[in-house]
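One structure below.
The values are calculated or read from the model by the stated rules, or taken from the named source; none is laboratory data. What you are looking at is a predicted structure, and each value in this text was computed from that prediction instead of being measured. Quick reminder, even Gly has a Cβ in these numbers, built from the backbone with ideal geometry, and neighbours come from all protein chains shown.
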Amino acid sequence: MPAQRASTTQSNPATVTMTGRSRKLLAPLAAGLLLVGATMVLETDATAAETAQFTVPASIADDCSVDVSAEINGWLGSVPDGSELSFGRHACYRVDFTLNLIDRDNLTIRGQNSTFLNPTIPPAPRITRPIWRFTGGTDITIRNLTAKGSNPDHKFLVDREWWAMFRFDGTQGVTLENIHGRNSWGDFVTLSPDTRTSP
């Protein structure tokens, strides 16, 4: 019998999911589970395996020796929606400019305890330059990474507060797991509406 994944979704947003190693518990759990108004959906592992896996190219420097923001942006733009992206384990990526993802759907970014460092000093008057920026899009998950700025004294300066760690403009369904921010000039996470003008 193929391995199965069971998820139960109630009328509220909560979802209970079983995958992989927990499949042996599926039968007794399903037999004793009573959810009023709930729907149980069974999916084979073949369905789950449809998520495409991508690893950051080895040609991108991972020791913070040079700026790789253009290279990472190029790679991020090349992978399709519905993918899982993995960075190097305990790597360090120097990103002097923002990593931009626009109108992306169902992406999982696995940092694997990597660090994304912007070592530059924000100019004044203000400019907006977060380390990571998402505009529009849905279902974005980011796991296990650190964003680090260049503010060694952790002092607030109003002309430099627009350099956030992460910025989401109108993105729907965002999950951040084990995410750290250090030496930021601005917010750790900024949530804003999508202010683009519709055509």
Q) Which residues, taken from the range 117-158, are without any contact (Cβ under 8 Å) to a residue 40 or more places away in the chain, over 21 Å from Arg104 (Cα atoms), crowded, with 17+ Cβ neighbours inside 10 Å and not charged (D, E, K, R)? A) Thr146, Gly149, Asn151
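From Val66, Val95, grab the single residue that is touching a helix residue (DSSP H, G or I) at 6+ places or on another chain (Cβ under 9 Å), within 18 Å of Ser150 (Cα to Cα) and either buried (at least 18 other Cβ atoms within 10 Å of the Cβ) or of a type in the set (A, V, I, L, M, F, W, C) (or both). It would help to see each step written out before you state the result.
Details: Val66 fails: touching a helix residue (DSSP H, G or I) at 6+ places or on another chain (Cβ under 9 Å).
Exactly one residue qualifies, and that residue is Val95.
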Q.
Looking only at the range 98-116, how many residues end up being crowded, with 17+ Cβ neighbours inside 10 Å, closer than 22 Å to Arg196 by Cα and of a type in the set (D, E, K, R)?
A. 1
(Q) Among the residues in the range 102-115, are any part of a loop (DSSP other than H, G, I, E, B) and under 17 Å from the mean Cα position of the chain (by Cα)? (A) yes
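Taking the condition part of a loop (DSSP other than H, G, I, E, B), of a type in the set (Phe, Trp, Tyr) and free of Cβ contacts under 8 Å to residues at least 40 places away in the same chain, does Phe168 pass?
Values: part of a loop (DSSP other than H, G, I, E, B): no; of a type in the set (Phe, Trp, Tyr): yes; free of Cβ contacts under 8 Å to residues at least 40 places away in the same chain: yes.
Taking the combined requirement at face value, the residue does not satisfy it.
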Q: Please work out if Pro152 is at pLDDT below 95 and touching a helix residue (DSSP H, G or I) at 6+ places or on another chain (Cβ under 7 Å).
A: no
Q | Residue within the range 35-54 that is under 23 Å from Thr146 (Cα atoms), in a loop (DSSP other than H, G, I, E, B) and modelled with pLDDT of 95 or more present | A | no
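So, of the residues in the range 171-189 that are of a type in the set (S, T, N, Q) and either outside any strand (DSSP E or B) or crowded, with 17+ Cβ neighbours inside 10 Å (or both), which turns out to be modelled with the lowest pLDDT? Spell out the reasoning first.
Taking the range 171-189 first, the residues of a type in the set (S, T, N, Q) are 171-172, 175, 178, 183-184.
Now narrow it down to the ones that are either outside any strand (DSSP E or B) or crowded, with 17+ Cβ neighbours inside 10 Å (or both): 171, 183-184.
Working: Thr171: 96, Asn183: 85, Ser184: 82.
For the range 171-189, the residue satisfying everything is Ser184.
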